[in-house]
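To start, the structure under review is shown below, and the notes come after it.
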Amino acid sequence: MKSRVKRTPIIAANWKMHKTVGDGLEFIEELLTLLGSGPQAVEVVICPPFTALYPLGQRLQGTAIKLGAQNMFWEDWGAYTGEVSPGMLRETGAEYVIIGHSERRRLLGETDRTVNLKIKRALAWGLRPIMCVGETLAEREAGKAVATVRRQLVEGLEGVELTQPGLVVAYEPVWAIGTGVNALPQDAQEISRLIREDLAGMFGSSVAEGVRILYGGSVNPSNIGGFTCQPDIDGALVGGASLEARSLAQIVKETEATVHGS
Ligand code: PGA
């Protein structure tokens, strides 16, 4: 049972490099049938590949489902071949942007510094960053999980000015992503509590109390409830289990049940 400040939970679907425009539109039709298009107790955010953002944004207009991107560049325009700017994301209808996902950190050279530049630029453009933090298995085994998450948080948010809780943090232990091995809800809660404590130190407690903190890593319809009933966990960033509309809708409904049960 949670007693906590009212924060609307978020279920964000990270499609990664999956789905064409046609696949994405088909998914949205099915999801709208399953969830309805009216207001929801849970904010649902679909993060498709760049190529599907605009057409999905058009389809989602007038519905309660929101759109997010999976990455962005930190400059507004210029000679940056292959990059996409925050203004271009806004034009598609995106309201959220995932920043610093561990796959980008591990495979594509993302660092705490680039995360920091991107978060500042996203906020300046009125995009809500979903900032990903989380330790690797080696870091966890060396007893450095908390230190790693704190470093990512402090360096990623250095110089960021936050007077409103427009930031979302996703705690995603790297060893739990795509592995079918999820973190223990109590462990994820403890790290989320520390994240909120650090945010309070940086931005004051009223901002920190409003920031949504998500768990990510092998979330599915059967385990989501264990996370969303924790006092500092306000939803999830879902990869594999977000690729089927039925499974995503189930995760949303389970989350709604924990909100209503609180
Ligand atoms: P997963 O991915 O749910 O497939 O583990 C989560 C993520 O990478 O955001």
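Run Leu34 past the list (1) among the aliphatic types (A, V, I, L, M); (2) surrounded by 15 or more Cβ atoms within 10 Å (Cβ to Cβ); (3) within 26 Å of Ile177 (Cβ to Cβ) and report the number of the one that doesn't hold.
Condition not satisfied by Leu34: (2).
Considering only the range 207-220, state which residues are more than 12 Å from the ligand (Cβ to nearest atom) and in contact with a Ser or Thr (Cβ under 8 Å, 6 or more places away or on another chain).
Listed by number, the residues that qualify are Val207, Arg212, Ile213.
Would you say Glu190 is surrounded by fewer than 19 Cβ atoms within 10 Å (Cβ to Cβ), modelled with pLDDT of 95 or more, outside any loop (DSSP other than H, G, I, E, B) and out of contact with any strand residue (DSSP E or B) (no Cβ under 6 Å at 6 or more places or on another chain)? Lay out the reasoning, then the answer.
Details: surrounded by fewer than 19 Cβ atoms within 10 Å (Cβ to Cβ): yes; modelled with pLDDT of 95 or more: yes; outside any loop (DSSP other than H, G, I, E, B): yes; out of contact with any strand residue (DSSP E or B) (no Cβ under 6 Å at 6 or more places or on another chain): yes.
So Glu190 passes the test.
Using the structure shown, decide if Leu199 is modelled with pLDDT of 95 or more and part of a strand (DSSP E or B).
Considered against the rule, which asks whether it is modelled with pLDDT of 95 or more and part of a strand (DSSP E or B), Leu199 comes out as no.
For (1) among the aromatic types (Phe, Trp, Tyr); (2) more than 17 Å from the chain's Cα centre (by Cα); (3) in a loop (DSSP other than H, G, I, E, B), each residue gets a yes or a no:
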{"position": "Glu26", "(1), (2), (3)": "no, yes, no"}
{"position": "Thr33", "(1), (2), (3)": "no, yes, no"}
{"position": "Pro39", "(1), (2), (3)": "no, yes, yes"}
{"position": "Ile46", "(1), (2), (3)": "no, no, no"}
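Keeping to the range 76-112, report how many residues are aromatic (Phe, Trp, Tyr) and surrounded by fewer than 18 Cβ atoms within 10 Å (Cβ to Cβ).
Step one: filter the range 76-112 for residues aromatic (Phe, Trp, Tyr), giving 77, 80, 96.
Subsequent filtering for residues that are surrounded by fewer than 18 Cβ atoms within 10 Å (Cβ to Cβ) retains 77, 80.
Adding up the residues that qualify gives 2.
Would you point out the residue of the range 231-248, among those that are more than 13 Å from the ligand (Cβ to nearest atom) and out of contact with any Phe, Trp or Tyr (no Cβ under 8 Å at 6 or more places or on another chain), that is nearest to Trp15 (Cα to Cα)?
That would be Arg246.
Could you grab me the full set of residues in the range 13-44 that are within 22 Å of Glu83 (Cβ to Cβ) and within 16 Å of the ligand (Cβ to nearest atom)?
Once the filter is applied, which keeps residues that are within 22 Å of Glu83 (Cβ to Cβ) and within 16 Å of the ligand (Cβ to nearest atom), the range 13-44 yields Asn14, Trp15, Lys16, Met17, His18, Lys19.
Select from the range 34-74 the residues that are of a type in the set (Val, Ile, Thr) and either in contact (Cβ under 8 Å) with a residue 40 or more places away in the chain or closer than 28 Å to Val115 by Cα (or both) and list them in ascending order.
Val42, Val44, Val45, Ile46, Thr51, Ile65, listed by residue number.
Which number in (1) touching a residue at least 40 places away in the same chain (Cβ under 8 Å); (2) away from the ligand (no atom under 16 Å from the Cβ) marks the one condition that Gly204 misses?
(1)
For Val115, are the conditions met, namely being surrounded by fewer than 19 Cβ atoms within 10 Å (Cβ to Cβ) and in contact with a strand residue (DSSP E or B) (Cβ under 8 Å, 6 or more places away or on another chain)?
Criteria not met by Val115.
Which count do you get for residues in the range 213-224 that are assigned to a strand (DSSP E or B) and closer than 12 Å to Thr255 by Cβ?
2
Within the range 155-169, can one find any residue that is at pLDDT 95 or above and within 18 Å of Val238 (Cβ to Cβ)?
From the range 155-169, those at pLDDT 95 or above are 155-160, 167-169; that's our starting set.
After this cut, where a residue has to be within 18 Å of Val238 (Cβ to Cβ) as well, the list is 168-169.
Yes, because at least one residue in the range 155-169 is at pLDDT 95 or above and within 18 Å of Val238 (Cβ to Cβ).
The values are calculated or read from the model by the stated rules, or taken from the named source; none is laboratory data. Remember, predicted model here, so these are calculated numbers, not experimental data. Please note: Cβ atoms are built from the backbone with ideal geometry, for glycine as well, and neighbour counts cover all protein chains shown.
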